[in-house]
Amino acid sequence: MNIAIDLDDVLAETMPAIVQFHNERHGTHFSAADVKTFDVWETFGCSRQEAIDEIYEFHRTRRDEDLPVIAGARDACAKLAKEHKLFVLTSRRIEFTEQTNAWIEKHFPGIFSGVSFTNYYSADRKKITKGDVCNEIRADVFIEDNPAFAAEAVAPVRQVLLFENFWNRNAPLPDGIVRVKSWKEILERLK
């Protein structure tokens with residue numbers, strides 16, 4: 001099987017670091033648990049563009065280089081890679097390729113067959129959907145934490161798993177998406 005896996009908050013604990021970055025810049029006291037939707041600007045009380053600009057700064061200043069790995073992700077991916085082809089699929093901008101690949105290789109050496117960037121938060125570069133990338137790589141399974149991105153992949157992918165987090169717990173899910181709470185549960189579903 002070909003398995004496409006989102007990077008941020010499926011492999012890397014990104015949202016807590018973004019929230020901390022926001023707090024440092026604005027003197028606020030949010031926690032990742034305060035983020036109830038993927039649209040972080042709703043939590044931060046700013047515009048969509050301001051949140052996008054702040055996330056860009058987070059990556060530009062290389063705050064993403066020290067992100068911890070999501071519990072169980074490393075071992076689960078190593079097990080899956082023995083029998084399947086794994087791909088990272090991220091909405092990050094392509095200009096962060098070098099540092100993103102370095103993080104992946106540091107924490108998941110030799111596990112992934114490729115990394116695709118969709119440029120979702122870029123105004124000046126071509127964007128592609130995660131569903132399009134899943135179709136391109138012929139993904140059988142897609143693991144994602146953004147309900148909208150997961151929904152894009154329902155048609156081209158046999159099994160879409162939504163990795164549960166604070167910001168997607170209350171999101172209604174269309175048919176074809178299954179909510180999962182941990183990498184242990186993912187391994188059980190993919191047996």
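The values are calculated or read from the model by the stated rules, or taken from the named source; none is laboratory data. Note that the coordinates shown come from a computational prediction; the quantities given were computed from them, not determined experimentally. Cβ: placed from backbone, ideal geometry, glycine included. Neighbour counts: every protein chain shown.
Yes or no, residue by residue, for (1) over 16 Å from the mean Cα position of the chain (by Cα); (2) polar (S, T, N, Q); (3) over 21 Å from Arg48 (Cα atoms):
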| residue | (1), (2), (3) |
| --- | --- |
| Ile94 | no, no, no |
| Glu105 | yes, no, yes |
| Thr118 | no, yes, no |
| Lys126 | yes, no, no |
| Ile143 | no, no, yes |
| Val160 | no, no, yes |
| Glu164 | no, no, yes |
| Trp183 | no, no, yes |
| Ile186 | no, no, yes |
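Count of region 6-27 residues, restricted to those that are on the phi > 0 side of the Ramachandran plot and not assigned by TED's automatic domain parsing to the domain that holds Thr118, is 1. The residues in region 131-164 that are hydrophobic (A, V, I, L, M, F, W, C) and in a helix (DSSP H, G or I) can be counted, and the count is 6.
Pairing each residue of region 84-112 that is assigned to a strand (DSSP E or B) with any residue that is modelled with pLDDT of 95 or more and of a type in the set (S, T, N, Q), provided the two are 6+ apart or on different chains, yields C-beta distances under 6 Å for Lys85/Asn2; Lys85/Ser113; Phe87/Ser113; Leu89/Ser116. Filtered by the rule that a residue be in contact with a Leu (Cβ under 9 Å, 6 or more places away or on another chain) and either at pLDDT below 95 or outside the structural domain of Ala81 (by TED's automatic domain parsing) (or both), region 169-185 gives Ala171, Leu173. Scan region 171-182 and give yes if some residue there is crowded, with 17+ Cβ neighbours inside 10 Å, touching a residue at least 24 places away in the same chain (Cβ under 8 Å) and not aliphatic (A, V, I, L, M), otherwise no. Scanning region 171-182, I find no residue that is crowded, with 17+ Cβ neighbours inside 10 Å, touching a residue at least 24 places away in the same chain (Cβ under 8 Å) and not aliphatic (A, V, I, L, M), so the answer is no. Among the numbered conditions (1) in contact with an Asp or Glu (Cβ under 8 Å, 6 or more places away or on another chain); (2) outside any loop (DSSP other than H, G, I, E, B), the only one that Lys79 does not meet is (1).
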